[in-house]
Amino acid sequence: MTDPRLETLRQALPTLRLSVEPSDLEHYGRDWTRRWTPAPLAIAWPADTGEVQALLRWAHAQRVAIVPSGGRTGLSGGAVAAHGELVVSLERMSRVLGFDPVDRTLTVQPGIALQAVHDAAAAHGLHYPVDFGARGSCTIGGTIATNAGGIRVIRYGNTREWIAGLKLVTGTGALLDLNRGLVKNSSGYDLRHLAIGSEGSLGLVVEATLKLTEPPLPAQTLLLALPSFEVLMQVFAEFRARVRLQAFEFFTANGLAHVVAHGGVDPFDARHPYYVVAEYDAGDDAQQAAGLAAFEACAEAGWVLDGVIAQSQAQARQLWRLREGITEAVARYRPYKNDVSVRVGAMAAFLARAQALLGDAYPDFEVVWFGHIGDGNLHINVLQPDGSDDAGFMRQCAQVTGLLAGLLAEHGGSISAEHGIGLVKKPWLGSTRGAEEIALMRGMRAVFDPARILNPGKLFD
Ligand code: MLT
Ligand code: ZN
């Protein structure tokens, strides 16, 4: 451990677990973007809140940049450490601290995996409804830092809706106990909500109290084949009018083909241009009949070419895999990911313009479209051709993102719906947030983190 700053850290915090092993630097210095070369100063694994506070006091005094680290499943570079930062992994702080049956809350440490939260809630007969494909690897702290969304937002909203309280250590090492699980609290600024989605720029979450709810009703899972993009929002409107949706997810034929190449099963005899996985409450015969009626109405209108209703849990999982397996199936192409949103009501108009724009802009690249269409959130993944040069590919993608940002500004949309701004979307933050708003964000960050040590260079920095 040769860096003199690390020696002072050792002296200040002799019990702190630290590593400068090349394999640790490589592993903890990157996230799922795989675009930056990891180059952290070291990796630290605090064991408790006291160690996080002491670590941040030291970093503040020494002016050492910190990258908070959860499951590093992020897709915007928010957890990348490529400039000599100290990565603070919350991996060792991964316990359930308590369950309150009256408040229906679960209090957890930040390093716990989303799947483990689901399991802990289920053990009490309850449900934590934020859910997405990376559930086994992502951590609660990371989902809070990005206000993560996922596949159930249409029913339950984003992470923000489910945080009853937060403990946050600021850039000076101060510990804030925010909202303390209260349902009603009209006592000034709600700093909890400022911290949610702040991408590690205001502090490190060291504890979260999560709201739980009843488990969902038994659901029907349906895979629909669609002839065109244009009918997508009509199919959505038809289903939403007749059933209580739990999810409504879309993907293109090439997305399905990638998943099938990785072992997914296509239940149709023929390939179709577009697909939807819909899931809706089907606790009784009337709800099941309503789903079938929606399907028949769409088929009669020519909006749906074919459909499969899952007959078992296993088949429902197979259908879900066709949508959820896309990220993993295309990962080897290190896709450039756009994660955009518009109001659901503006989606049809936005889709038509985006399709025309991207069709012209990306003639040489394979583009996989998928996403949470019922929330107005679209993922546009541009696959990097084998053997092409990284810098050239990224340059072209950035140019097109500039065009897309213009289109989003016209439609009142956002350049990041649920992945965060991080490093990848930083140049286009101004298409979604006004200059005064960004200036205020900077000012708030200076209050929480006067030495600018928390995740510097990201978001607006
Ligand atoms: C998803 O919806 O599958 C996630 O946001 C991940 C991704 O966009 O690849
Ligand atoms: Zn998503």
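Here, each number is a calculation from the coordinates, and none is a lab measurement. Keep in mind that this is a model prediction, so the values were computed, not measured. Every residue, glycine among them, receives a Cβ derived from its backbone with ideal geometry; neighbour counts consider all protein chains shown.
Just a few scattered comments:
- Karplus-based coupling profile of segment 427-442, in residue order and whole Hz: x, 10, 4, x, 7, 10, 10, x, 4, 5, 5, 5, 4, 5, 4, 4, with θ = phi - 60° in 6.51 cos²θ - 1.76 cosθ + 1.60 and x standing for Gly or Pro.
- Built amide H within the under 5 Å cut-off of Arg152, gap 5+: Asp131
- Think of segment 287-339 as a dipole: +1 on every Lys or Arg Cβ, -1 on every Asp or Glu Cβ, centred on the Cα centre; then among Cys298, Gln315, Asn338, Asn338 lies furthest on the positive end.
- By average C-beta atoms within 10 angstrom, highest first, the peptides 382-391, 42-51: 42-51, 382-391
- Prolate/oblate/rounded label for segment 342-461 (Cα gyration tensor, a/c 1.5): oblate
- Peptides 100-108, 195-203 ranked from most to least packed give 195-203, 100-108, packing being the mean of other C-beta atoms within 10 angstrom over each peptide's residues.
- Nonlocal amide H pairs with Tyr280, under 5 Å, H built at 1.01 Å: Gln220, Gln246
- Estimated inter-spin distance, Thr37 and Arg334, nm [label 7 Å along Cα→Cβ]: 1.2 nm
- Inter-site label distance for Ala241 and Thr15 at 7 Å from Cα along Cβ, in nm: 6.3 nm
- When Rg and the Kirkwood radius Rh are both evaluated on Cα atoms of the chain, their ratio Rg/Rh stands at 0.97.
- Counted residue by residue at 0.36 nm each, then reduced by the alpha carbon distance between them, the extension gain from Leu403 to Ala286 reaches 37.5 nm.
- Dipole magnitude of the chain, debye to nearest 20 (Cβ charges: Lys/Arg +1, Asp/Glu -1, about Cα centre): 1200 debye
- Cα-based Rg of segment 30-165 normalised by 2.2 N^0.38 Å, two decimals: 1.11
- Hypothetical label at Ala270: residues of segment 280-322 whose amide nitrogen lies under 16 Å (7 Å Cα-Cβ projection): 299-300, 302-308
- Cα-based Kirkwood hydrodynamic radius, segment 417-461, one decimal, Å: 11.1 Å
- Residues whose placed amide H lies under 5 Å from that of Glu366, excluding near-sequence neighbours: Leu383
- Rg in Å to one decimal, and Dmax rounded to a whole Å, for segment 101-194 via C-alpha atoms: 13.6, 40
- 3J(HN,Hα) along segment 180-188, derived from phi through the Karplus expression 6.51 cos²θ - 1.76 cosθ + 1.60 where θ = phi - 60°, amounts to 6, x, 6, 7, 10, 6, 9, 10, x Hz, with x in place of Gly and Pro.
- Non-local Lys pairs in the chain, i.e. 8 or more apart or on different chains, that have alpha carbons under 21 Å apart: 8
- Length gained on full extension, Val96 to Asp389: 101.0 nm, using 0.36 nm per residue less the C-alpha separation.
- Residues of segment 261-278 with an amide N closer than 18 Å to a point placed 7 Å from the Cα of Gln355 along the Cα-to-Cβ direction: 271-277.
- Segment 56-127 and segment 390-461 have their alpha-carbon centroids 23 Å apart.
- ³J(HN,Hα), Karplus 6.51/-1.76/1.60, whole Hz, each residue of segment 364-381, x for Gly, Pro: 9, 10, 7, 10, 10, 9, 7, x, 8, 5, x, 9, x, 10, 10, 9, 10, 9
- Segment Thr213..Ala253, full-extension length gain: 10.9 nm, with 0.36 nm per residue of separation and the alpha-carbon distance subtracted.
- Förster radius 30 Å - calculated FRET efficiency between Glu300 and Val260 (Cβ-Cβ, nearest 0.05): 0.55
- Segment 123-236, relative contact order in percent, only Cα pairs under 8 angstrom and at least six apart counted: 30 percent
- In the chain, the calculated helix contribution to ellipticity at 222 nm averages -10000 deg cm²/dmol per residue, counting -39,500 (n - 2.57) for every DSSP H run with n ≥ 4.
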